[in-house]
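Input: a single structure, listed below in structure tokens.
The values are calculated or read from the model by the stated rules, or taken from the named source; none is laboratory data. Note that this is a predicted model, so its numbers are computed, not measured. Neighbour counts are summed over all protein chains in view; Cβ atoms, including those assigned to glycine, are modelled from backbone coordinates with ideal geometry. For accessibility, only protein heavy atoms count, side chains too; no ligands or nucleic acids. Shrake-Rupley method; radii C 1.70, N 1.55, O 1.52, S 1.80 Å.
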Amino acid sequence: MLSRLTGRRLAVGVAFAAAISPAAAWGPLGHRIVAETAALLVQDDQPASWGPLLARHRFELGVYALLPDSRFRHIDGGGGETEAPTHYLFLDAPPGRAAGSVDRRIAQFVERAGAQLQPVRAPKGGYLRGATAEGDARRVYLGLYELGVMSHYSGDVAMPYHAATDTNGYAAGEGGIHFYFENDCVNVFEPGLAADVLAAARKKRASWLASWGAPKVPASGWVRALLKDSLAAVEKVSALDRKHAITKGNPPGTRIEAERKPAQVGCGSMRPLLVERLAKGAALTASLWESVLPPGVDFSGAGTLSFSDMEAAPDYPAPTTDER
């Protein structure tokens, strides 16, 4: 499936360790798009219950989605060594190599969100402070935080280089492709990109979920299926990068950035693939959220419930499983 890339990796096997760099994630705009799109998908699915509440808080969800990069990596005890592996899962890692744990991190936050939201029965209130809210309103406030943070990791699953050991293209002579694809290109296309992502997610979400095995396969299976899809997409990004963006590649295996055209010029051919990857991340996120949103909640007293504040400076939610 990835024979060309595999051949390159074998050719530079001695440089394997140098080829792996700490995986970043979608940039701020990418994670915001995933979270906000997911909220609107839930609104489509649940217009009389959870959907409007999540849609009203889609900005907050998008801010929470950035916390694993903007905060967690800086408060987990130093240089982010504990947090970093929770952002990826290298499906092509050789036996015995560290592979990451994004699938387990997602499961952790699904459980955390469920713990807050499952007891909710009849939230009430309009515009209020979540920090001082009580009862169901307080549970909703805290649950939104967990859902937003979780969306970071489920968004990462859709980013091709979070599934591949050559996380930044160094081994393939495409150094710097990770940030170029996920950040520079996204920045160039937004505003406008988010609308196309939403349209694609609405159109194709059902078929994507079916291809991931839903509803027969549990949510953990959807995550693994999208990771496999992301690994397969590495070859697509690579081909577009080489044909339309790179002007001078790096010596394979060295940690030198390849030279590329400015994003305004080099990213044009990558736009459809960016839309697809972000839309798939949003589709996965919305479905994971819906797996823990309890049915039968009475929202008659919470038609305008919204929070004037956000969960500020939360403690670092350390991984609960061995990340090796």
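Using the Karplus curve 6.51 cos²θ - 1.76 cosθ + 1.60 with θ = phi - 60°, what ³J(HN,Hα) values do you get for each residue of the range 265-275, in whole Hz, with x for Gly and Pro?
9, x, 8, x, 5, 8, 4, x, 5, 4, 4
Can you return the lysines within cross-link range of K203? Criterion is Cα-Cα under 27 Å, with same-chain partners fewer than 8 residues away left out.
Within the straight-line cut-off, K203 pairs with K216, K228, K236, K280.
Leaving out ligands, DNA and RNA, what percent of the accessible area of the chain is carbon and sulfur, probe 1.4 Å?
Solvent-exposed carbon and sulfur of the chain make up 57 percent of the total.
Across all directions of projection, what mean area in square nanometres is found for the Cα convex hull of the range 275-324?
Result: a mean projected hull area of 7.1 nm².
Normalised by the empirical 2.2 N^0.38 Å for globular proteins, what value does the Cα Rg of the chain take?
Normalised Rg, Cα atoms only: 1.00.
With a 1.4 Å probe and all protein chains kept in place, how do K216, K261 rank by accessible area, largest first?
Result, largest first: K216, K261.
Testing the spin-label approximation: label points 7 Å from Cα along Cα→Cβ at K204 and A312. State their distance in nm.
Using points 7 Å along Cα→Cβ, the separation is 4.2 nm.
For every helix of n ≥ 4 consecutive DSSP H residues, a contribution of -39,500 (n - 2.57) applies; sum these over the chain, divide by its total residues, and give [θ] at 222 nm rounded to the nearest 500 deg cm²/dmol.
About -15500 deg cm²/dmol.
So what is the relative contact order of the chain, in percent, for Cα pairs below 8 Å that sit 6 or more residues apart?
Across the chain, relative contact order equals 30 percent.
Mind checking which aspartates and glutamates have their C-alpha under 16 Å from K261, skipping anything on the same chain fewer than 8 residues away?
E174, E182, D184, D241
So with the 1.4 Å probe, I'd like the accessible area per residue for the range 170-324, rounded to whole Å².
Accessible area per residue, the range 170-324: 44 Å².
May I ask you to compute the full-extension gain from A195 to A131, defined as 0.36 nm times their residue separation minus their alpha-carbon distance, rounded to one decimal in nm?
Using 0.36 nm per residue and subtracting the Cα-Cα distance, I get 19.8 nm.
What are the ³J(HN,Hα) couplings of the range 134-151, residue after residue, when phi is run through the Karplus curve with 6.51, -1.76, 1.60 and θ = phi - 60°? Round to Hz, x for glycine and proline.
Per-residue couplings from phi come out as 10, x, 4, 4, 5, 5, 4, 4, 6, x, 4, 4, 5, 5, x, 4, 4, 5 Hz.
Looking only at the range 51-95, which residues have a backbone nitrogen under 20 Å from a spot 7 Å from the Cα of K228 in the C-beta direction?
Within reach of a label on K228, which here means backbone N under 20 Å from a point 7 Å along Cα→Cβ, the range 51-95 contributes 88-95.
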